[in-house]
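Report on the structure given below.
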Amino acid sequence: MPSLSAGTPVRGVGARAPVRPRKRDGRHSGDVLLDAASGLMIERNSITVTFNEIAARAGLNSALIHYRFGGKSGLFRALISRDVGGTFPMLEDLVAADLPAEEKLTRHIQAIIKTYFEHPYLNRLIAALSQEVDGEGARFISERVVQPLARAQAAILAQGEAEGVFRHIDPMLFYFSLIGACDHLFQARYALKWAFGVPDIDDALRRDYARHVIALLLDSVRA
């Protein structure tokens, strides 16, 4: 059974002709497969799902996964790009908006926590891709996720300092403080369940946690 650890199939003499992507119900097969993988990961609270399981959920041939994404890393990258990529244009709009820095930072923190809430497997995908610091996966995460976030945060901090409402903050240290705070609730579901008796993260907890993180971070950066 092919799994997410399976590599890209070798194409040579005697290999089958490649399976071409096709549309299903008017949608591209790649999008259908990503939806299937995402749904399975959310249901299981795990990124361990097989290609056959994804294909069965999507109603497509598992060979399409190899053709479209190449393997585990390609599938992970595509999911991350889809799930966080749409937020970056909105982030650029937020930085450019005619709003006070505190309001921008508040909205930014809310958006990050909401992204983790809607795609709870993200931190695991990022960890899986970035295990080797000098690897292509780590570079992909840094260029496609970390750098856009860090640039936006640095701009908001600089605006707040110019407005006289924020003290001078090292943007790099702030990035790790913010992402660590936003991420850990979703990464530490074991602690929620076994230490605090909370079986799952619902929207009410997500909102409460966002307010808590906003209060902590704004208090820490105010002049």
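The values are calculated or read from the model by the stated rules, or taken from the named source; none is laboratory data. It should be emphasised that the depicted structure is a prediction, and the values quoted were computed from it without experimental measurement. A quick note on method: Cβ atoms are made from the backbone with ideal geometry, for glycine too, and the neighbour counts reach across all protein chains shown. Side chains are part of the model used for accessible areas, which takes the heavy atoms of the whole protein and leaves out ligands, DNA and RNA. Shrake-Rupley method; radii C 1.70, N 1.55, O 1.52, S 1.80 Å.
For segment 48-61, enumerate the residues that are in contact (Cβ under 8 Å) with a residue 24 or more places away in the chain and crowded, with 18+ Cβ neighbours inside 10 Å. Across segment 48-61, the qualifying residues are V49, F51, A58, L60.
In this structure, L99 does satisfy being open to solvent by 30 Å² or more (accessible area, probe 1.4 Å) and aliphatic (A, V, I, L, M). So, H108, is that one at pLDDT 95 or above and not aliphatic (A, V, I, L, M) or not? Against the criterion (at pLDDT 95 or above and not aliphatic (A, V, I, L, M)), H108 qualifies. If you go through segment 63-77 and pick out every residue that is of a type outside the set (G, A, S) and surrounded by fewer than 19 Cβ atoms within 10 Å (Cβ to Cβ), you end up with 1.
Per-residue answers, yes or no, for (1) at pLDDT 95 or above; (2) touching a Ser or Thr at 6+ places or on another chain (Cβ under 7 Å); (3) not charged (D, E, K, R):
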{"site": "T87", "(1), (2), (3)": "no, yes, yes"}
{"site": "Y116", "(1), (2), (3)": "no, no, yes"}
{"site": "A128", "(1), (2), (3)": "no, no, yes"}
{"site": "V133", "(1), (2), (3)": "no, no, yes"}
{"site": "E136", "(1), (2), (3)": "no, no, no"}
{"site": "V165", "(1), (2), (3)": "yes, no, yes"}
{"site": "I169", "(1), (2), (3)": "yes, no, yes"}
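For the subset of segment 185-214 comprising residues that are aromatic (F, W, Y) and either more than 19 Å from R124 (Cβ to Cβ) or exposed (fewer than 14 other Cβ atoms within 10 Å of the Cβ) (or both), which member is modelled with the lowest pLDDT?
For segment 185-214, the residue satisfying everything is Y190.
Taking helices (runs of 4 or more DSSP H) as the structural unit, those lying wholly within segment 107-223 and holding at least 3 residues that are in contact with a Phe, Trp or Tyr (Cβ under 8 Å, 6 or more places away or on another chain) and within 30 Å of L40 (Cβ to Cβ) correspond to 122-129, 171-187. Each residue in segment 126-160 was checked for being within 29 Å of A215 (Cβ to Cβ) and in contact (Cβ under 8 Å) with a residue 60 or more places away in the chain, and 8 of them qualify. Only residues that are crowded, with 17+ Cβ neighbours inside 10 Å and closer than 12 Å to I156 by Cα were counted across segment 78-94, and they come to 2.
Yes or no: L64 part of a helix (DSSP H, G or I), free of Cβ contacts under 8 Å to residues at least 60 places away in the same chain and more than 15 Å from the chain's Cα centre (by Cα)? Here the answer is yes, as L64 does meet what is asked. Filtered by the rule that a residue be open to solvent by 90 Å² or more (accessible area, probe 1.4 Å) and within 15 Å of the chain's Cα centre (by Cα), segment 140-159 gives E143, R144.
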